[in-house]
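Working notes for the structure below.
Nothing in this text is a laboratory measurement; each read-out follows from the coordinates by a stated rule. Keep in mind that this is a model prediction, so the values were computed, not measured. Positions of Cβ are backbone-derived with ideal geometry, glycine not excepted, and every protein chain shown enters the neighbour counts.
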Amino acid sequence: MRYQKPKGTMDILPGESSKWQYVEDVAKNVFNRYRFFEIRTPIFESYEVFERSSGDTSDIVSKEMYDFKDKGDRHLALRPEGTAGVVRAYVENKLYGPEHIKPYKVWYKGPMFRYERPQSGRQRQFHQIGVEAFGSNSPELDVEIITMGLEFLNELGIKNLKVAINTLGDPESRENYHRALVDYFTPFKEQLSDDSKVRLDKNPLRILDSKDKNDQKIVENAPSILDYLNEESKDRFEYLKTLLDDLNINYVVDSTMVRGLDYYNHTIFEFMVTDPAFNNKEITVLAGGRYNGLVEELGGPETPGIGFGLGVERLLLLLNDKLNLTTDLNIYLVTIGEKAEKASVKILSSLRKAGFSADKDYLQRKTKAQFKTANNLNAKYSVTIGDHELENDTANVKNMATGDEHAVSLENLSDELKRIEDK
Ligand code: ATP
Ligand code: MG
């Protein structure tokens with residue numbers, strides 16, 4: 001083959017794309033119910049936007065950025081995740097201003113880019129759906145976001161989710177915890193992976209997230225954030241749990257859970273499933289949390305924020321056999337002879353204007369082959385016209401499932417078809 005798609009990318013073909021549209025429609029409907037509306041930001045931004053928001057010790061920034069210099073020598077990057085661009089837009093458009101109702105709630109969908117080694121479930125262009133809410137630090141909002149994520153996945157038919165929550169506390173608690181981690185990991189420094197050695201100096205919290213097997217062993221006995229929370233942070237977390245209890249949401253507290261980005265604090269959460277699509281291994285479907293320092297980091301006023309994101313490819317792997325979408329056709333027009341062929345252009349046009357999905361043969365195939373196509377396309381009705389029908393100003397309408405046939409007036413074809421539909 002002469003040309004191939006770039007490594008780590010996918011073509012989403014018709015048939016497959018209807019699944020994507022379905023997922024995006026459900027997202028839109030659920031999120032709109034919570035007054036989250038869609039925001040569309042550029043798929044590339046200044047490199048610094050991501051560097052600032054993800055932190056330079058993150059895998060994303062240190063290894064996976066799809067960055068480049070443009071012809072004007074600007075350092076740009078294809079977005080690796082959605083939050084940074086949304087926060088940049090929030091600050092740049094002054095969405096914190098008094099004319100905007102708080103919390104300011106948005107959702108997004110679209111392609112993300114990471115320079116990773118392509119393998120199953122890992123691409124260089126992949127897609128995320130996410131939500132962000134700015135301007136409220138309320139734990140009730142945390143619960144709203146968690147509930148909305150659950151509702152989204154439930155509506156898609158994913159039911160047996162495990163909800164894991166944790167807190168990273170406020171900056172003071174994190175500071176205390178930070179010190180405890182440095183004290184704990186320093187004696188192990190020589191045994192840590194190279195990445196984690198760097199993390200120990202820059203951001204020890206990230207060691208907890210290490211994928212290195214030996215690091216993970218050392219992490220097992222690391223101190224727990226829950227022992228370093230100040231009263232306020234502890235109370236807040238307890239309160240959050242009572243809100244979840246009130247909603248009968250089952251959850252587990254996973255005190256080793258941290259999130260990839262630097263600016264998370266207080267509530268963080270992940271939804272997990274165990275599914276044959278992933279060899280019955282537990283995987284994270286959706287993840288999010290609070291990031292009260294991020295807006296300031298990107299040059300805005302001190303503004304609390306919270307959100308979640310999820311990978312659409314991964315979601316679709318889970319949904320595959322749960323989705324039953326049809327792209328069935330209302331009408332397939334069958335023509336016999338040249339006159340009918342000519343007349344079909346106008347007939348087809350009026351059917352489509354009337355709102356039917358309709359198609360016809362364009363390859364001068366025999367009648368039998370045209371009916372076969374009607375069948376293959378799952379057309380609900382075939383409408384046949386030939387010389388005889390044209391002379392009498394009629395068409396033969398056949399219900400493809402039952403075989404019932406009617407002769408109907410050609411002039412009122414759309415109305416007649418609607419009448420048959422309503423019966
Ligand atoms: P991992 O630990 O698997 O690398 P991550 O921490 O990089 O995940 P996030 O940055 O939290 O993942 O991204 C959220 C979701 O986006 C992931 O759970 C996954 O579904 C999806 N995702 C991330 N990177 C890729 C990729 N390269 N290809 C496909 N999907 C991805
Ligand atoms: Mg990753």
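May I ask which residue of Pro276, Gly309, Phe50 lies farthest towards the positive end of the charge dipole of the chain, with charges of +1 (Lys, Arg) and -1 (Asp, Glu) on Cβ and the Cα centre as origin?
Pro276
How many nm separate the modelled label positions at Glu238 and Asp201, each set 7 Å beyond the Cα in the direction of the Cβ?
Label-label distance for Glu238 and Asp201, simple model: 4.1 nm.
Give the long-range amide H neighbours of Lys360: residues separated by 5 or more places, or on another chain, with amide H under 5 Å away, using H modelled in the peptide plane at 1.01 Å from N.
Here the answer is Leu333, since their amide H atoms fall under 5 Å of that of Lys360.
Compute the Kirkwood hydrodynamic radius of the stretch 331-422, taking the inverse of the mean of 1/r over all pairs of distinct Cα atoms, and give it in Å to one decimal.
Over the stretch 331-422, the inverse of the mean reciprocal pair distance is 12.9 Å.
On full extension of the chain, what length is gained from Lys28 through Lys368, given 0.36 nm per residue of separation minus the C-alpha to C-alpha distance?
118.1 nm
Lys423 label point, 7 Å along Cα→Cβ, cut-off 11 Å on backbone N: hits in the stretch 373-409?
397-399, 404-408
Can you classify the chain as rounded, prolate or oblate using the Cα gyration tensor, where a ≥ b ≥ c are the square roots of its eigenvalues, rounded means a/c under 1.5, and otherwise it's prolate if a/b beats b/c and oblate if not?
Verdict is prolate for the chain.
Taking the Cα of Ile12, stepping 7 Å toward and past its beta carbon, and measuring to each backbone N in the stretch 101-124: which are under 11 Å?
Taking a point 7 Å out along Cα→Cβ of Ile12, the residues of the stretch 101-124 whose backbone N falls under 11 Å are 109-112.
Can you compute the charge dipole magnitude of the stretch 331-422 about its Cα centre, using +1 on each Lys and Arg Cβ and -1 on each Asp and Glu Cβ, nothing else charged? Give it in debye, rounded to the nearest 20.
Result for the stretch 331-422 is approximately 460 debye, rounded to the nearest 20.
How would the stretch 177-322 be classified by its alpha-carbon gyration tensor: rounded, prolate or oblate, with rounded meaning a/c under 1.5 and the a/b versus b/c comparison settling the rest? Provide the component values of the computation, followed by the final result.
Details: a/c = 1.56, a/b = 1.16, b/c = 1.35.
Oblate.
Could you name the lysines in cross-link range of Lys342, using Cα to Cα under 17 Å and dropping any fewer than eight places away on the same chain?
Answer for Lys342, where 17 Å is the Cα cut-off: Lys360, Lys366, listed by chain and number.
Equivalent ellipsoid semi-axes for the stretch 2-85, as square roots of 5 times the alpha carbon gyration tensor eigenvalues: give them largest first, rounded to whole Å. Walk me through the numbers on the way to the answer.
Details: eigenvalues 154, 90, 29 Å².
Over the Cα atoms of the stretch 2-85, the ellipsoid semi-axes are 28, 21, 12 Å.
Once you place label points 7 Å from the Cα toward the Cβ at Glu313 and Glu140, how far apart are they in nm?
Output for this residue pair reads 4.1 nm.
Do the sum for the chain: with -39,500 (n - 2.57) for every DSSP H run of n ≥ 4, divided by all residues, what is the mean residue ellipticity at 222 nm, to the nearest 500 deg cm²/dmol?
-11000 deg cm²/dmol
For the chain, with the dipole built from +1 on Lys and Arg beta-carbon atoms and -1 on Asp and Glu ones, taken about the Cα centre, which of Leu329, Ser17, Leu363 lies farthest toward the positive end?
Leu363
Determine the dipole magnitude for the chain: charges of +1 sit on the beta-carbon of Lys and Arg, -1 on that of Asp and Glu, nothing else is charged, the reference point is the Cα centre, and the result goes in debye to the nearest 20.
Working: 58 positive and 69 negative charges, 313 e Å.
For this selection, approximately 1500 debye.
Would you kindly derive the ³J(HN,Hα) couplings of the stretch 285-292 from the backbone phi angles with the Karplus curve 6.51 cos²θ - 1.76 cosθ + 1.60 (θ = phi - 60°), listing them in order in whole Hz, with x for Gly and Pro?
9, 9, 8, x, x, 8, 9, 6
Could you tell me the distance between the Cα centroids of the stretch 112-128 and the stretch 9-53, to the nearest Å?
15
So if each residue of separation counts as 0.36 nm, and I subtract the Cα-Cα distance between Lys217 and Glu296, what length gain in nm does that give?
Details: separation 79, 0.36 × 79 = 28.44 nm, distance 3.57 nm.
Additional length available on full extension: 24.9 nm.
With point charges of +1 on the Cβ of Lys and Arg and -1 on the Cβ of Asp and Glu, referenced to the Cα centre of the chain, which listed residue (Tyr251, Met400, Gly97) lies farthest in the positive direction of the dipole?
Among Tyr251, Met400, Gly97, the one farthest towards the positive end of the dipole of the chain is Met400.
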